[in-house]
Amino acid sequence: MVLDAQGTNATDRAGLNGRAPRCDHVDQLSEVAHGPPQCKECVALGRPWTRLLVCLTCGWVACSDDSRGGHAKAHYEETDHPLVGALEPRSTWRWCYVHRRAV
């Protein structure tokens, strides 16, 4: 058994490779309906976006960090909603802003 700094079993929280802790935010997800497939902020500014992300806490849709506006990250900074997913059919990609990695 591997213990972390708090003396709890770190192996239980390990990711697939056994090194990165499991993201507990994933366990807190419930199914949410997402908004329309557009970044409202970019539409208001007349800007295009590269990719759309959906907040997995509330369903807010916004542009990704590689878009000019980076409105999905701005939503996280305003709300502390930690997880986003790609708004693409059949995509399983998710990002945790807290852990700064894909989960």
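So that you can scan it fast, the table gives a plain yes or no per residue for (1) touching an Asp or Glu at 6+ places or on another chain (Cβ under 7 Å); (2) assigned to a helix (DSSP H, G or I); (3) touching a residue at least 40 places away in the same chain (Cβ under 8 Å):
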position: Ala33; (1), (2), (3): no, no, no
position: Pro48; (1), (2), (3): no, no, no
position: Gly69; (1), (2), (3): yes, no, no
position: Lys73; (1), (2), (3): yes, yes, no
position: Gly85; (1), (2), (3): no, no, no
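Are any residues in the stretch 87-103 without any contact (Cβ under 8 Å) to a residue 40 or more places away in the chain and either in a loop (DSSP other than H, G, I, E, B) or on the phi > 0 side of the Ramachandran plot (or both), and if so, which ones?
If the condition is that a residue be without any contact (Cβ under 8 Å) to a residue 40 or more places away in the chain and either in a loop (DSSP other than H, G, I, E, B) or on the phi > 0 side of the Ramachandran plot (or both), then Glu88, Pro89, Arg90, Ser91, Thr92, Trp93, Tyr97, Arg100 are the ones that fit.
In this structure, is Asp80 under 14 Å from Cys96 (Cβ atoms) and surrounded by fewer than 12 Cβ atoms within 10 Å (Cβ to Cβ)? Before the answer, list the steps.
On the way: under 14 Å from Cys96 (Cβ atoms): yes; surrounded by fewer than 12 Cβ atoms within 10 Å (Cβ to Cβ): yes.
Yes: the conditions hold for Asp80.
Take the residues of the stretch 52-77 that are among the charged types (D, E, K, R) and modelled with pLDDT of 95 or more: which is surrounded by the fewest Cβ atoms within 10 Å (Cβ to Cβ)?
Only one residue tops the list, namely Glu77.
The values are calculated or read from the model by the stated rules, or taken from the named source; none is laboratory data. Bear in mind the structure is a predicted one, so any value in this text is a computation, not a measurement. Quick reminder, even Gly has a Cβ in these numbers, built from the backbone with ideal geometry, and neighbours come from all protein chains shown.
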